[in-house]
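In what follows, a single structure is set out as structure tokens and then discussed.
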Amino acid sequence: MKIVKISNVGKKKVYDLSVDEVEHYVLENGVITHNTGIYYSADNIYIVGRQQEKQGQDIVGYNFIVNVEKSRFVKEKSKIPIEVKFDGGISKWSGLLNIAQEGNFVVKPSNGWYSKVNLDTGEVEEKKYRLKDTYNKEFWLPLLSDEKFYNYIKSKYQIAQTAMIQEEEIEQFISQVEEQ
């Protein structure tokens with residue numbers, strides 16, 4: 001696609017971008033443009049931001065935040081953290097500690113320490129963990145296998161999904177067709 005002309009319109013700095021043969025107008029952020037239907041037809045749009053992960057002065061990796069701008073599968077405006085270290089790649093435990101804290105499955109009883117919360121009683125367990133001690137399956141397996149934690153994550157991120165046509169309706173339609 002080639003821009004044919006850019007012209008100043010109105011008294012404010014507003015520009016009308018025109019492209020030959022296609023006339024789609026979209027108002028977005030106060031700007032009217034032609035031919036920008038990509039945003040509206042996309043199933044998913046993610047915006048990825050990153051921050052450096054440092055140890056002292058050395059950069060040892062990046063912390064990425066996947067911002068869900070638009071999705072048919074994940075709640076919009078969700079933020080999904082992903083930690084990537086140069087020496088180990090993507091951490092499979094990325095973001096879980098933050099999510100567990102938001103859902104009150106893990107608390108920070110004192111600076112630099114984390115404790116699990118007993119999911120049945122709501123009491124804070126006595127054992128404390130340093131951040132580095134939470135990066136293992138022994139810490140996460142009990143939480144990940146618990147239905148309460150699973151349901152919390154599902155409700156936090158997943159858009160409700162049901163079939164457009166329920167199975168009963170399909171069966172009813174098939175029987176009506178067969179009767180004809």
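The values are calculated or read from the model by the stated rules, or taken from the named source; none is laboratory data. All values reported here derive from a predicted model rather than from experimental measurement. Reconstructed Cβ throughout: ideal geometry from the backbone, glycine too, with neighbour counts over all protein chains shown.
Selection within region 90-113: residues that are touching a Ser or Thr at 6+ places or on another chain (Cβ under 6 Å) and part of a strand (DSSP E or B). The member of this set that is surrounded by the most Cβ atoms within 10 Å (Cβ to Cβ) is VAL107.
Considering (1) within 23 Å of the chain's Cα centre (by Cα); (2) at pLDDT 90 or above; (3) closer than 24 Å to LYS154 by Cβ, the lone condition that VAL74 does not fulfil carries the number (2). For region 133-140, the criterion of being hydroxyl-bearing (Ser, Thr, Tyr), under 24 Å from the mean Cα position of the chain (by Cα), closer than 24 Å to GLN55 by Cβ and surrounded by 14 or more Cβ atoms within 10 Å (Cβ to Cβ) is satisfied by at least one residue. Going through (1) surrounded by 16 or more Cβ atoms within 10 Å (Cβ to Cβ); (2) free of Cβ contacts under 8 Å to residues at least 40 places away in the same chain; (3) not hydrophobic (A, V, I, L, M, F, W, C) one by one, SER71 falls short only on (2). Starting from region 39-52, take each residue that is more than 12 Å from ASN67 (Cβ to Cβ) and list its partners that are modelled with pLDDT of 90 or more, counting only C-beta distances under 7 angstrom and pairs at least six apart or across chains. Cβ pairs passing all conditions: GLN51/TYR62; GLN51/ASN63; GLN52/ILE59; GLN52/TYR62.
Being surrounded by fewer than 10 Cβ atoms within 10 Å (Cβ to Cβ) and under 21 Å from SER94 (Cα atoms): is that true of GLU126 here? Spell out how you get there, then give the answer.
Numbers: surrounded by fewer than 10 Cβ atoms within 10 Å (Cβ to Cβ): yes; under 21 Å from SER94 (Cα atoms): no.
The answer is no for GLU126.
Considering ASP120, ASP87, which residue is surrounded by fewer than 10 Cβ atoms within 10 Å (Cβ to Cβ), in contact (Cβ under 8 Å) with a residue 24 or more places away in the chain and in a loop (DSSP other than H, G, I, E, B)?
On the way: ASP120 fails: in contact (Cβ under 8 Å) with a residue 24 or more places away in the chain.
Every option except ASP87 fails the conditions.
Considering only residues in region 31-68 that are surrounded by 11 or more Cβ atoms within 10 Å (Cβ to Cβ), at pLDDT below 90 and among the aromatic types (Phe, Trp, Tyr), the one that is nearest to SER155 (Cα to Cα) turns out to be TYR46.
For VAL106, the requirement of being within 13 Å of the chain's Cα centre (by Cα) and not small (Gly, Ala, Ser) is not met.
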